[in-house]
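Since every read-out is calculated from the coordinates, none of them should be taken as a lab result. These numbers were taken from a predicted model, which means no experiment stands behind them. Cβ coordinates were reconstructed from backbone atoms using ideal geometry, including for glycine residues, and neighbour counts include every protein chain displayed.
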Amino acid sequence: MTYFTELFSNDVFNASFTSWFLAQALKVVITLLTKKKFDLYRFVGSGGMPSSHSSMVMGLSTAVGLKSGWNSVDYGISFVFALIVMYDASGVRRAVGKQAIILNKILEDKHKHIPIGEKRLKELVGHTPVEVFAGALLGIVVANLIV
């Protein structure tokens, strides 16, 4: 078998990738429903509901647990990895997004008086705890359906 054939027949990879893909697709749908705007950028962009980072790592962790056992070293490693990623998504990256909002407001205020060349910062960087939880739940469900 070739590398890609083996990769795409790997249940753990498929659960992780499918979890990420569905979360990203849901962002497009949710943006369409809430903002009445079809924004394909939401498929590749970070931030928003549900967290695709959380979905992917919980899909990974759940698939590993289902395949290797809940008391295996592999599951322990993948679960700790998932917790770190989800903490980062809701903590550090969320703080960066809040800072971007403040800095963009400063730029707007400065633009009213003196023209400057700074570009607006991306504000939708991190996730709320609800977005992280929704992404994690999606990953768990997908892994249970695939593995």
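The residues Tyr87, Tyr75, Tyr3, when put in order of fewest to most other Cβ atoms within 10 Å, stand as Tyr3, Tyr87, Tyr75. In the chain, the calculated helix contribution to ellipticity at 222 nm averages -24000 deg cm²/dmol per residue, counting -39,500 (n - 2.57) for every DSSP H run with n ≥ 4. The GNM of the chain, with springs linking C-alpha atoms under 10 angstrom apart, assigns the highest mean-square fluctuation among Gly97, Gly47, Gly135 to Gly97.
Sorting Leu33, Leu22 by the number of Cβ atoms found within 10 Å of their own Cβ, with the fewest placed first, yields Leu33, Leu22. Rounded to the nearest 20 debye, the dipole size of the chain about its Cα centre is 760 debye, using +1 on the Cβ of Lys and Arg and -1 on the Cβ of Asp and Glu.
All Cα-Cα separations within segment 1-40 were binned at 10 Å from zero, giving a P(r) of 29, 31, 23, 16, 2, each value a whole percent of the pairs. Listed values for segment 8-25 are Karplus-derived 3J(HN,Hα) couplings in whole Hz (6.51 cos²θ - 1.76 cosθ + 1.60, θ = phi - 60°), namely 6, 9, 8, 4, 5, 4, 4, 5, 5, 5, 5, 4, 4, 4, 5, 4, 5, 5, and x replaces Gly and Pro. To the nearest ten degrees, helix 52-68 and the longest principal axis of the Cα atoms of the chain are 10 degrees apart.
Computed on the Cα trace of the chain, the radius of gyration divided by the Kirkwood hydrodynamic radius gives Rg/Rh = 1.10.
For Thr31, neighbours were defined as the other residues whose beta-carbon sits under 12 Å from its Cβ, and their charges (Lys and Arg +1, Asp and Glu -1) total +4. Here the residues Ser46, Ser55, ranked from fewest to most Cβ neighbours within 10 Å of their Cβ, fall in the order Ser46, Ser55. Largest mean-square fluctuation among Leu137, Leu60, Leu40, in a Gaussian network model of the chain whose springs join Cα atoms under 10 Å apart, belongs to Leu40. Choose one answer from Ala15, Ala95, Ala82: the residue with the largest mean-square fluctuation in a GNM of the chain with alpha-carbon springs under 10 Å. Per the Cα network of the chain with a 10 Å cutoff, Ala95 tops the list.
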